[in-house]
């Protein structure tokens, strides 16, 4: 019986079909979805696997029909079944089960993680995880900001790197009685990775000896690679007008810096001008209450030619040209951040964010969009981690820097 050529012919035929269909799944589907946007590739891949599995079953049934298996099955209890048909039944059952499992995998996936792009596990059991919303369900050019799009910023540094390679941030603010804000911003820029940070407050070194100091009246823009202005500044429209004219490096404007340009017809330098308003500051900048946050952020960023970080629950990052293609990302006009905690509703957290944005831009001036989105994500995630350990009530602004290293490790994993 084992020498029956029909057995070997049938086995070879089934193996050939399996190989061809396997190549179809691995190669054809990969090629077909490769040109799709990253946030739609996984769904298309699953759909392709399901279609391929159904095709596998259809071809199997066609093969069985061509082999006359149907007729033999009707006669199974009459004249018996041939060895060839028995092999077809066993081999066909194998392909049928495998095809069914592929459909199951395409629908339910294979593993679960916090990444909403990942697939859930094939094993059964209770899994507790953040569900979120898949990016392709978010309408109107609104894209979910995920670590996958900026994790490359946290790759290991080159072995011969030095502080000059990672930028020099100048933080302008800290008027009399408000040195705390500018100090927190400077410290956050350092903790985010900037090589050097100068702040316009002599008192800052009492809290962080790593900071260099200048004066608010006599600071220098020379050799600075990023300027952040506003924390603890007080109203100073003349200074902001000067900075908007003279600064040629990335400029981050926050707090009193925003209030100092509200009501003016200022225009930024595109992605190199970053504004970080909360809703109240946004209303003053726009000259009207903030209704639709998405449309307000998108329209203002494009009209004023700035990168707008509209803070709040689910912070929005709107880019000036209506696209999110700079660095690693995909088409879209506004990014939405999903990290954060009510525990961050305390004084100084905005100053920390400004420093983190400036510190990351200092290191990656060619990828400002990615740097801004990374800073916002890490800021929120640090707040989540801090609130989980310290409680939402006990979290204060500088605690975010304590939990920033863990957030960075999560982001880069």
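The percentage of C-alpha pairs in segment 179-317 whose separation is greater than 24 Å is 30%. Distance between the 7 Å Cα→Cβ label points at residue 283 and residue 203: 3.0 nm.
What list do you get for 394, 411 if you sort them by fewest beta carbons within 10 Å? Please list the in-between numbers first.
Values: 394 12, 411 19.
By the 10 Å Cβ count, ascending, the order reads 394, 411.
Counting other Cβ atoms within 10 Å as a rough exposure proxy, the listed residues 278, 168 run 278, 168 from fewest neighbours to most.
Take the alpha carbon gyration tensor of segment 138-412, find the square roots of its eigenvalues, order them as a ≥ b ≥ c, and report rounded if a/c is under 1.5; if not, report prolate when a/b exceeds b/c, else oblate.
Numbers: a/c = 1.25, a/b = 1.06, b/c = 1.18.
Rounded is the answer for segment 138-412, as its axis ratio a/c remains below 1.5.
The mean sequence distance of close C-alpha pairs (under 8 Å, at least 6 residues apart), as a share of the length of segment 138-412, puts its relative contact order at 21 percent. A crude spin-label estimate for the pair residue 338 and residue 292, with each label 7 Å from Cα along the Cβ direction, gives 2.4 nm. Extension gain, residue 302 to residue 217, is 27.3 nm, computed as 0.36 nm per intervening residue step minus the present C-alpha separation.
Every read-out reported here was derived from the displayed coordinates using simple, explicitly stated rules and does not represent laboratory data. Everything numeric in this text was worked out from a predicted model, so none of it was measured. We place every Cβ from the backbone using ideal geometry, glycine too, and count neighbours over all the protein chains shown.
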